[in-house]
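Let me begin by presenting the structure, written as structure tokens, before commenting on it.
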């Protein structure tokens with residue numbers, strides 16, 4: 001099997017071939033830490049966490065970096081409104097982001113650089129660009145000279161006029177060209193600032209990632225990831241900086257972008273009041289269910305978030321954990337590669353999450369129907385292993401269902417009865433469905449029916 005990824009720069013799906021077959025580098029743009037993470041922020045964290053897991057399984061060494069932008073005008077505004085020091089704001093929300101992502105099963109990256117720790121690197125890159133004729137200083141600013149890089153626009157595929165409008169750039173008198181963007185800008189005494197050859201100031205947004213990549217991963221990396229909204233201008237500008245700072249050396253081999261998250265068909269916005277914070281969602285659903293819902297669409301496609309979709313994800317995990325619970329007495333064995341072939345083929349086909357999840361349920365079905373102890377053990381191991389690549393099904397089933405591990409309860413039986421009842425209802429065999437409901441009631445279980453399945457809870 002060959003791992004393929006859709007490379008935004010090429011506009012097509014390509015086999016993934018790193019520069020060094022034994023060493024893969026990946027950088028993903030992380031959060032600007034001025035507020036709690038919302039569900040749109042969570043999607044790239046989950047998407048690239050799965051890619052990280054896949055890469056670690058296939059390659060000897062993988063180094064994954066995801067940054068924190070801890071100097072930004074939005075952070076300054078939040079600090080002013082709260083009356084707190086900027087460092088208090090950034091530390092609070094870095095800690096909150098880490099907590100929320102851990103709750104979603106997101107592995108910690110190998111590196112989590114912060115912009116404020118890399119000011120000398122940023123200044124050095126700006127100096128490199130000036131020395132190579134790709135940037136210039138003007139009125140305390142340093143700006144990238146866009147016309148000096150003819151390939152500008154290759155990532156986004158935008159025409160020049162469209163890029164200028166899309167970047168919402170300030171056509172300042174000190175700019176040589178309207179498309180030129182800021183690498184360094186002056187700071188007033190009340191704002192964060194650092195000494196530089198151009199006076200006290202702070203970095204522009206785009207150069208921050210390029211400088212951190214250079215410092216930690218080298219001049220050229222294998223994968224750069226982020227949300228679709230970052231393609232232009234952020235990633236377009238990164239390519240220009242990173243390429244020109246190193247005399248035309250390839251900046252990144254594969255650009256991978258996830259699609260937007262909408263909420264019940266509408267764009268998330270403060271004006272609509274539909275910005276969903278991860279920590280609020282965690283009050284109503286397990287982190288694993290939120291993660292499962294985020295994997296419900298192909299990563300490149302839009303994902304429409306809804307309460308119904310989250311409930312469906314929870315029911316799906318109930319079914320999968322129900323199978324594992326039913327196999328709790330089966331010994332753990334190493335997974336058989338043969339049983340994972342179809343699942344891994346789907347996942348390695350450009351991270352086809354829906355296809356991989358469909359295969360996950362097929363493994364669960366096979367595990368439940370297996371007749372020999374050997375087959376039950378093999379399918380159980382395969383289900384666990386497949387789940388691990390998606391960041392799922394690693395809990396003890398007892399923990400998932402909220403009971404003590406030593407409790408020899410009848411959860412698996414209940415789940416089986418619920419599924420049998422739903423099948424009977426779907427076949428319009430209401431007599432059987434009612435009979436099973438009575439059995440469930442006797443077990444202290446209440447059933448809630450939905451179009452795509454049934455959920456249950458204990459009432460006594």
- Item | Complete set of residues in the stretch 379-398 that are within 11 Å of residue 324 (Cβ to Cβ) and surrounded by fewer than 16 Cβ atoms within 10 Å (Cβ to Cβ) | 394, 396
- Message: Among the residues in the stretch 286-307, are any surrounded by fewer than 17 Cβ atoms within 10 Å (Cβ to Cβ), outside the structural domain of residue 420 (by TED's automatic domain parsing) and more than 27 Å from residue 8 (Cα to Cα)?
- Response: yes
- If you check 150, 85, 173, which single one turns out to be without any contact (Cβ under 8 Å) to a residue 12 or more places away in the chain and under 24 Å from residue 279 (Cβ atoms)? 85
- Message: Any residue at all in the stretch 41-61 that's closer than 21 Å to residue 117 by Cα, in contact with a helix residue (DSSP H, G or I) (Cβ under 8 Å, 6 or more places away or on another chain) and surrounded by 17 or more Cβ atoms within 10 Å (Cβ to Cβ)?
- Response: no
- Message: Going by what's in this entry, would residue 71 be described as part of a loop (DSSP other than H, G, I, E, B), crowded, with 16+ Cβ neighbours inside 10 Å, in contact with a helix residue (DSSP H, G or I) (Cβ under 6 Å, 6 or more places away or on another chain) and in contact (Cβ under 8 Å) with a residue 40 or more places away in the chain?
- Response: yes
- Message: Checking residue 109 against (1) part of a helix (DSSP H, G or I); (2) touching a strand residue (DSSP E or B) at 6+ places or on another chain (Cβ under 7 Å), only one condition comes out false. Which one?
- Response: (1)
- Going through (1) modelled with pLDDT of 95 or more; (2) farther than 30 Å from residue 20 by Cα; (3) touching a helix residue (DSSP H, G or I) at 6+ places or on another chain (Cβ under 8 Å) one by one, residue 255 fails only at (2)
- Item | Considering residues of the stretch 263-285 that are in contact with a helix residue (DSSP H, G or I) (Cβ under 7 Å, 6 or more places away or on another chain) and under 27 Å from residue 350 (Cα atoms) only, the residue surrounded by the fewest Cβ atoms within 10 Å (Cβ to Cβ) | 268
- Is it true that residue 166 is at pLDDT below 95 and in the same structural domain as residue 296 (by TED's automatic domain parsing)? no
- Residue count, the stretch 352-378, condition surrounded by fewer than 19 Cβ atoms within 10 Å (Cβ to Cβ), under 20 Å from the mean Cα position of the chain (by Cα), more than 22 Å from residue 419 (Cβ to Cβ) and touching a residue at least 24 places away in the same chain (Cβ under 8 Å), comes to 1
- Query: What residue, among those in the stretch 350-385 that are at pLDDT 95 or above, touching a helix residue (DSSP H, G or I) at 6+ places or on another chain (Cβ under 7 Å) and outside any helix (DSSP H, G or I), is farthest from residue 312 (Cα to Cα)?
  - Reply: 351
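When the residues of the stretch 20-44 are narrowed to those that are assigned to a loop (DSSP other than H, G, I, E, B) and out of contact with any strand residue (DSSP E or B) (no Cβ under 6 Å at 6 or more places or on another chain), which ends up nearest to residue 103 (Cα to Cα)?
Out of the qualifying residues, it is 37.
Only residues that are within 18 Å of the chain's Cα centre (by Cα) and not in a loop (DSSP other than H, G, I, E, B): list them for the stretch 74-106, please.
93, 94, 95, 96, 97, 98, 99, 100, 101, 102, 103
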- Examine the stretch 53-63 for a residue that is in contact with a strand residue (DSSP E or B) (Cβ under 8 Å, 6 or more places away or on another chain), over 30 Å from residue 186 (Cα atoms) and in a helix (DSSP H, G or I), and state whether such a residue exists. yes
- Message: Out of the strands (runs of 3 or more DSSP E) lying entirely within the stretch 122-201, which hold 3 or more residues that are under 31 Å from the mean Cα position of the chain (by Cα) and buried (at least 20 other Cβ atoms within 10 Å of the Cβ)?
- Response: 181-186
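The values are calculated or read from the model by the stated rules, or taken from the named source; none is laboratory data. The structure presented is a predicted model; accordingly, all values stated were derived computationally and were not measured. Ideal geometry is used to build each Cβ from the backbone, glycine not excepted, and the neighbour counts take in all protein chains shown.
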